[in-house]
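Nothing in this text is a laboratory measurement; each read-out follows from the coordinates by a stated rule. Because the structure is a prediction, the values reported are computed rather than measured. Heads up, the Cβs are rebuilt from the backbone with ideal geometry, glycines too, and the neighbour counts pull from every protein chain shown.
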Amino acid sequence: MTSNAVSASVCEGGSKKYVVHYRQAGIQRRHTIGSVANLTLVEARKRARKILVAVDDGRDPAAEKESKRAASGLVFAAVMGDYLDVCERTLKPKTVVGYKGDLKRLWKPLHKLALGAVSRPVIAAHLRTIAEESGSASANRARGTLSSFYVGQLGKSLRDQSRHWHEYIRHKAARPGAVRCRAGGNLEGCAG
């Protein structure tokens, strides 16, 4: 790397941002650190050092930031709609009706969440709620539907971005006896 620098940049709207400049693989890159109003120069330099260490380790902080921004725009309900459209073209009608019911009714609390925010504890807590309100059979069916939604149809790029839930769903799907939730009984199997 050559000529790494921290500077304050004035944006079109007049806001001022700290920016770190670096060269990676022969390409000049810049990464916004934060607002001049919110950070001191000392804090900006500390953050810049962390970014430059990541660059030295072979990572691309600007690309990582962009992929996080893109992933946060993927809301569960929007992706669910796309998934159900694919299901209607590829699955049997009865299966599609079941998936729609489970995803739209039982998993409704996830609809406004970004896919990256759907974590293991969120899934486990909601499976317990489903078991208490609708019974263990509904909880197991809902788990299977969610597993199919994530593992079966979303594609490798989404699974890689939210690896924690992917591994959890796949692990539990491989051991169905370990995830059975009993209404009124011991629900630790749902906690993961």
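Can you compute 3J(HN,Hα) from phi for each residue in the stretch 27-43, using the Karplus curve 6.51 cos²θ - 1.76 cosθ + 1.60 with θ = phi - 60°, rounded to whole Hz and x for Gly and Pro?
So the Karplus estimates, Gly and Pro as x, are 10, 6, 10, 9, 9, 6, 8, x, 6, 4, 5, 9, 10, 7, 4, 5, 5 Hz.
Using amide H atoms built 1.01 Å from N in the peptide plane, name the residues 5+ places from Ile33, or on other chains, whose amide H lies under 5 Å from its own.
Distant-sequence amide H within range of Ile33: Tyr18, Val19, Val20.
Can you tell me the dipole magnitude for the stretch 5-64 around its Cα centre, using point charges on the Cβ only (Lys, Arg +1; Asp, Glu -1), in Debye to the nearest 20?
Working: 11 positive and 6 negative charges, 35 e Å.
About 160 debye.
May I ask you to derive the FRET efficiency for His21 and Val53 from their Cβ-Cβ distance with R0 = 22 Å, giving the value to the nearest 0.05? If you can, show how the numbers build up before the last one.
Working: r = 15 Å, r/R0 = 0.70.
After rounding to 0.05, the efficiency reads 0.90.
Kindly put Val55, Val79, Val151 in sequence by how many other C-beta atoms sit within 10 Å of each C-beta, fewest to most. Please list the in-between numbers first.
Details: Val55 20, Val79 17, Val151 14.
With the sparsest Cβ surroundings first, the list reads Val151, Val79, Val55.
Arrange Thr129, Thr32, Thr40 by Cβ neighbour counts within 10 Å, fewest through most, would you?
Values: Thr129 16, Thr32 13, Thr40 10.
Ascending Cβ contact count within 10 Å gives the list Thr40, Thr32, Thr129.
Pop a pseudo-label 7 angstrom from the Cα along the beta-carbon direction at both Ser134 and Ala63 and give the gap in nm to one decimal.
It is 4.1 nm.
Order by neighbour count: Ile130, Ile51, Ile27, fewest other Cβ atoms within 10 Å first, most last.
In increasing order of surrounding Cβ atoms, one gets Ile27, Ile51, Ile130.
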